[in-house]
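Here is the structure we will look at.
The values are calculated or read from the model by the stated rules, or taken from the named source; none is laboratory data. Nothing here was measured: the structure is a model prediction, and the numbers come from that model. No Cβ is skipped: glycine too gets one built from the backbone with ideal geometry, and neighbour counts run over all protein chains shown. Protein only, heavy atoms only, side chains kept; ligands, DNA and RNA dropped before computing areas. Shrake-Rupley method; radii C 1.70, N 1.55, O 1.52, S 1.80 Å.
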Amino acid sequence: MEERGGPKPLCRVSSQIKATGRSPLDTGKGLEQVYYQGKTTIILRCLDRDEPPKATLALEYTYGRRAKGHNTPKHIAHFWELGGGTSLLDLITIPITSDTLRTFSIVLVLDLSKPNDLWPTMENLLQVTKSHIDKVIMKLGKTHSKAASDMRQKMWSNLPKDHPDRELIDPFPIPLVIIGSKYDIFQDFDSEKRKIVCKTLRFVAHSYGASLMFTSKSEALLLKIRGVINQLAFGIDKSKSICVDQNKPLFIPAGLDSLSQIGAPPVPDNDIGKLHASSPMDLWKKVYENFFPPKNVNTLKDIKDPARDPQYAESEVDEMRIQKDQELEQYKRSSSKSWKQIEFDS
């Protein structure tokens, strides 16, 4: 969100990422999501909207208002939700700008029921989003050096100065929350699989200075997530509860975990030396993908075309689309023939 008197943007990105921000009079958030389910449900719950969630198409926007007390101005939080998987990540440049970045937060929602997709999805989304934010901060620094410097300092706000891992952490440039959805399915996984997923996500979240929490359709868990989102969007007090038990839904606010509690990657000591890793993050990636190999690196981009989704059917538009598709195919064929002829003549 932007810190100014007026509506501010809240954006969310998927596997799911969402961003939040706030100001004295108006709160804006940004949230990005990938293509896994659950993100829309979280937003609706946070905004007290009793309506069935719909599939997200491209970049969607909504907002919410909330007052901290009686006779006080309402704060406004702006939510942006990105659907369509990693193929639409370029759209994050729309809500995440130098004007909105200072009050932005990101919420990444990952599908715990699909552990084989988890790492590539998480890695892709975080890398692309971080790269864009870094560019925005660099651009901001050329015209407002103090603002850019303040943002870099703010990265460390969630980590105590005396934290033992302070020198080992590379905080995400803006507040980051990682949410594991579908815990109701995940809790029935084999205990060893749950252990690997939990330890890995704890390491990633802690390395980025992020919060980590699991949720499901459980009302109690949704209320806890709602509290976290409201804190980001409206400045409501942070929750002080914490749960690091892998047999329960994790709930770890930023700065409250540690590498000593997380432990080493779940691999035999004599096998660690065989893994050629360039960094601790790379080591955890190799260990994780050894247990949960990605099914197909192209899977994330192989998304159903929303233009052909029956729920968005419009006869006149669809007929025109068919006509244009046919014209395009005809053009490709004619172009192909002409190029072949040129090649032949030469």
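Select from the stretch 218-248 the residues that are of a type in the set (D, E, K, R), in contact with a helix residue (DSSP H, G or I) (Cβ under 6 Å, 6 or more places away or on another chain) and either closer than 16 Å to Ser181 by Cα or part of a helix (DSSP H, G or I) (or both) and list them in ascending order.
Start the filter on the stretch 218-248 by keeping residues that are of a type in the set (D, E, K, R), which leaves 219, 224, 226, 237-238, 240, 245, 248.
If we keep only those that are in contact with a helix residue (DSSP H, G or I) (Cβ under 6 Å, 6 or more places away or on another chain) too, we end up with 226, 238.
Correct list: Arg226 only.
Residues in the stretch 148-156: is at least one under 19 Å from the mean Cα position of the chain (by Cα), of a type outside the set (A, V, I, L, M, F, W, C) and surrounded by fewer than 16 Cβ atoms within 10 Å (Cβ to Cβ)?
First, pick out the residues of the stretch 148-156 that are under 19 Å from the mean Cα position of the chain (by Cα): 155.
If we keep only those that are of a type outside the set (A, V, I, L, M, F, W, C) too, we end up with none.
No, the stretch 148-156 contains no residue that is under 19 Å from the mean Cα position of the chain (by Cα), of a type outside the set (A, V, I, L, M, F, W, C) and surrounded by fewer than 16 Cβ atoms within 10 Å (Cβ to Cβ).
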Only one residue in Arg194, Arg166, Arg226 is modelled with pLDDT of 95 or more, at negative phi, open to solvent by 20 Å² or more (accessible area, probe 1.4 Å) and among the charged types (D, E, K, R), so which one is that? Arg194
In this structure, does Phe214 turn out to be within 28 Å of Glu289 (Cβ to Cβ), crowded, with 19+ Cβ neighbours inside 10 Å and among the hydrophobic types (A, V, I, L, M, F, W, C)? yes
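Return yes when Ile179 is outside any loop (DSSP other than H, G, I, E, B) and of a type in the set (A, V, I, L, M) and no when it is not.
Details: outside any loop (DSSP other than H, G, I, E, B): yes; of a type in the set (A, V, I, L, M): yes.
In short, yes.
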Only residues that are surrounded by 21 or more Cβ atoms within 10 Å (Cβ to Cβ), modelled with pLDDT under 90 and not aliphatic (A, V, I, L, M): list them for the stretch 112-147, please. Thr121
When Leu159 is evaluated against the numbered criteria (1) touching a residue at least 60 places away in the same chain (Cβ under 8 Å); (2) not basic (Lys, Arg); (3) not in a loop (DSSP other than H, G, I, E, B), which criterion, by number, is the only one it fails? (3)
Restrict the check to the stretch 249-263 and report whether at least one residue is in a loop (DSSP other than H, G, I, E, B), open to solvent by 50 Å² or more (accessible area, probe 1.4 Å) and either at pLDDT 85 or above or acidic (Asp, Glu) (or both). yes
